[in-house]
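Below is one structure; the comments refer to it alone.
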Amino acid sequence: MELRFFEIYRNPEYLWLLAEGVTLSALVTLAGAILGFAMAACLAVTRYERIPVLHWIAAAYVDFIRNTPLIVQLFFVAFGLPQLLGYVWPFWAHAVLALTLNFSAYFAEILRAGFQTVDAGQHDAARALGLPRFVRFFKIVLPQSIAQMFASLNSQFIFLFLTTGVISEIGVRDLTFAGLYIDSRTFRSFEVFITLTVLYILVSLAFKGLMRLVEKRAFRWKGAR
Amino acid sequence: MKDLFIALLGKPDGIILFQLLEATQYTIYLSLIAFLGGGLLAALITLVRIAPNTWGKRISVSYIWLFQSTPLLMMLFLAGLGVPRLFDIDVNPWTAAIISLVIYASAYLSDVWRGAVESVPVGQWEGARAIGLGFLKTLRLVILPQAFRIALAPTVGFMVQIIKGTSLAYIIGFHDLMAIGKRWANAPVEGSEPFIIFPLMALIYFALCYPLTLYSRHLERSFGANTNKVAPAAV
């Protein structure tokens with residue numbers, strides 16, 4: 001037993017690969033999270049407003065995604081869909097699509113639960129005042145629920161980031177991919193995966209910091225927490 | 001059994017479905033072992049966490065933080081490739097998958113259980129102390145029966161995370177539903193194209209997970225803590 005971390009950090013090629021991997025992992029996750037959040041908002045609103053038929057489809061979609069593994073969804077998006085529909089995309093685009101579809105279901109569940117915490121009386125009162133549906137939603141429900149959903153969305157986002165390593169399985173050159181490459185060259189598996197773990201934790205800490213900044217800016221009215 | 005599938009569905013389809021379902025049993029075994037092992041370890045960590053001991057608290061908090069922050073995939077790589085190469089030993093995929101999933105499950109379950117114990121009002125601890133019960137007796141007779149009801153729904157819900165988590169074990173050579181399915185998807189056989197195999201696998205995983213999700217929801221409705229908070233979930 002001998003730890004030889006220097007075999008990784010003394011090699012500029014490996015350092016560069018790891019840096020590229022961190023960047024790509026972070027970017028693909030961010031893209032998936034932003035698109036996924038937009039989709040989740042649509043899903044959650046559809047369910048909250050009980051839009052006929054669509055709210056049923058949205059609920060089924062969320063349940064299906066949440067009860068199947070990300071990797072199966074990823075393989076279907078990356079290998080199944082292109083063959084079925086006959087399109088050719090770069091690997092990272094498949095990964096972004098798969099993560100978007102996956103993240104949206106988890107975010108939608110948090111949003112739906114968040115909307116429900118708004119007191120029903122608020123909704124009824126707005127209705128009694130004759131406010132139209134979208135005003136009720138955007139001026140009454142959303143502002144009251146968004147601040148408290150933010151914390152849940154944050155931790156969900158970090159959790160999801162930690163699962164994105166699977167995109168290396170479809171050839172995306174993310175952090176895990178970089179690690180596997182270095183591992184295949186050096187055979188220092190233990191050192192390589194410890195390094196990757198530390199990098200994943202550092203990136204998730206960076207994301208946490210970023211989110212705290214966003215929270216401070218967006219919810220200044222809530223005061224210091 | 002295999003012949004029945006072939007008789008019903010024809011040559012390639014019957015064999016594919018049979019092999020997928022046969023491989024599913026290993027997914028189930030691995031999930032059960034991970035849940036039971038993870039539960040035992042989590043019980044120990046929870047106990048250390050809530051016991052009146054500063055060092056135990058620190059250690060269990062660090063443990064939970066560390067293993068909740070480590071991606072499951074990295075744990076699998078470390079247990080399946082890293083440790084065997086470092087110590088020059090053979091670790092078979094079963095052992096590596098079980099160790100990673102047990103640690104993964106224990107970190108999350110102990111967090112859920114700690115939350116359940118802490119949601120029992122402090123007055124209950126004080127009351128038990130006032131009538132002269134010690135720490136373990138208070139826990140066993142007063143706190144745990146109440147915490148159990150709160151913890152049940154999220155615990156059942158977490159089993160879904162474990163089942164989904166086992167789908168990563170194929171990466172270190174574990175032969176489960178995922179491994180067999182992926183092999184078929186790569187095979188140039190008509191009827192095993194990726195757009196057929198992967199939805200089929202998704203359906204099998206769904207059939208394993210969804211009943212647990214429904215049961216967890218049922219438990220939450222009957223006697224869960226009505227917090228309206230969605231626990232983070234992934235994989």
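Any read-out appearing in this document is the output of simple, stated calculations on the displayed coordinates, not a laboratory observation. Here the structure is a predicted model, which is why all the values come from computation and not from measurement. Every residue, glycine as well, gets a Cβ built from its backbone with ideal geometry; the counts of neighbours run over all protein chains shown.
Tell me the mean residue ellipticity at 222 nm calculated for chain B from its helices only (DSSP H runs of n ≥ 4, each -39500 (n - 2.57), averaged over every residue, nearest 500). Before the final figure, lay out the partial values.
Values: 11 runs with 177 residues, N = 235.
It comes out at -25000 deg cm²/dmol, rounded to the nearest 500.
How far apart, in nm, are the 7 Å Cα→Cβ label points at A:Ser155 and A:Phe219?
1.3 nm
Cα centroid distance between the range B:110-140 and the range B:29-44, in Å?
24 Å
At 0.36 nm per residue, minus the direct Cα-Cα distance, what do B:His218 and B:Thr95 gain on full extension? Give it in nm, one decimal, please. Intermediate results must be reported in sequence, preceding the final value.
Numbers: separation 123, 0.36 × 123 = 44.28 nm, distance 3.42 nm.
Extra length available between B:His218 and B:Thr95 comes to 40.9 nm.
What are the ³J(HN,Hα) values, in whole Hz, obtained from phi via the Karplus relation 6.51 cos²θ - 1.76 cosθ + 1.60 with θ = phi - 60°, for each residue of the range B:16-24 in sequence order, with x given for Gly and Pro?
Here the 3J(HN,Hα) series is 4, 4, 4, 5, 4, 5, 5, 5, 4 Hz.
Tell me what chain A gives for mean residue ellipticity at 222 nm when only DSSP H runs of n ≥ 4 count, each as -39,500 (n - 2.57), the sum divided by the residue total, rounded to 500 deg cm²/dmol.
On the way: 10 runs with 164 residues, N = 225.
So the helix-based figure for chain A works out to -24500 deg cm²/dmol.
How far apart, in nanometres, would the label points at B:Ile6 and B:Leu40 be if each is projected 7 angstrom from Cα along the Cα-to-Cβ direction?
Label-label distance for B:Ile6 and B:Leu40, simple model: 4.1 nm.
For the range B:15-230, what class follows from the C-alpha gyration tensor (a ≥ b ≥ c being the square roots of its eigenvalues): rounded when a/c is under 1.5, otherwise prolate if a/b is larger than b/c, else oblate? Can you show the working numbers first?
Details: a/c = 3.33, a/b = 1.74, b/c = 1.91.
Judged from the Cα gyration tensor, the range B:15-230 comes out oblate (a/c at least 1.5, b/c at or above a/b).
Among the aspartates and glutamates, which have Cα under 18 Å from the Cα of B:Lys11 when same-chain residues fewer than 8 positions away are ignored?
The reachable aspartates and glutamates, counting only those whose Cα sits under 18 Å from B:Lys11, are B:Asp3, B:Glu22, B:Glu190, B:Glu193.
With everything on Cα atoms, drop me the angle between helix B:144-166 and the longest principal axis of chain B, reported from 0 to 90° to the nearest 10.
Roughly 20 degrees, rounded to the nearest 10.
With r as the distance between the Cβ atoms of A:Lys208 and A:Arg4 and R0 = 35 Å, compute the FRET efficiency 1/(1 + (r/R0)^6) and round to 0.05. Write down the numbers at each step before the final one.
On the way: r = 31 Å, r/R0 = 0.90.
Approximately 0.65, to the nearest 0.05.
So how tilted is helix B:194-223 from the main axis of chain B? Cα-based, degrees 0 to 90, rounded to 10.
20 degrees
Helix B:177-186 sits at what angle to the longest principal axis of chain B, using alpha carbons and giving 0 to 90 degrees rounded to 10?
With both axes taken from Cα atoms, the answer is about 30 degrees.
Cross-link partners among aspartates and glutamates for B:Lys164, C-alpha distance below 13 Å, same-chain residues fewer than 8 apart left out?
Result set, ordered by chain and number: B:Asp176.
Among A:Leu85, A:Leu210, A:Leu101, which one shows the highest mean-square fluctuation when chain A is modelled as a Gaussian network with alpha-carbon springs under 10 Å?
The residue that fluctuates most here is A:Leu85.
At what distance in nm do the modelled label points of A:Leu54 and B:Ile28 sit from each other, each positioned 7 Å from its Cα along Cα→Cβ?
Those two pseudo-labels are separated by 4.0 nm.
Mean Kyte-Doolittle of at least -1.0 and a Cα length of 20 Å or more along the axis: which whole DSSP H helices of chain A meet both?
Numbers: long enough: A:12-48 (52 Å, 1.31); A:91-117 (40 Å, 0.85); A:142-162 (30 Å, 1.09); A:189-218 (43 Å, 1.13).
The qualifying helices are A:12-48, A:91-117, A:142-162, A:189-218.
Taking 25 Å as R0, compute the FRET efficiency from the Cβ-Cβ separation of B:Lys137 and B:Arg58 and round it to 0.05. Please list the in-between numbers first.
On the way: r = 25 Å, r/R0 = 1.01.
For R0 = 25 Å, the calculated efficiency reads 0.50.
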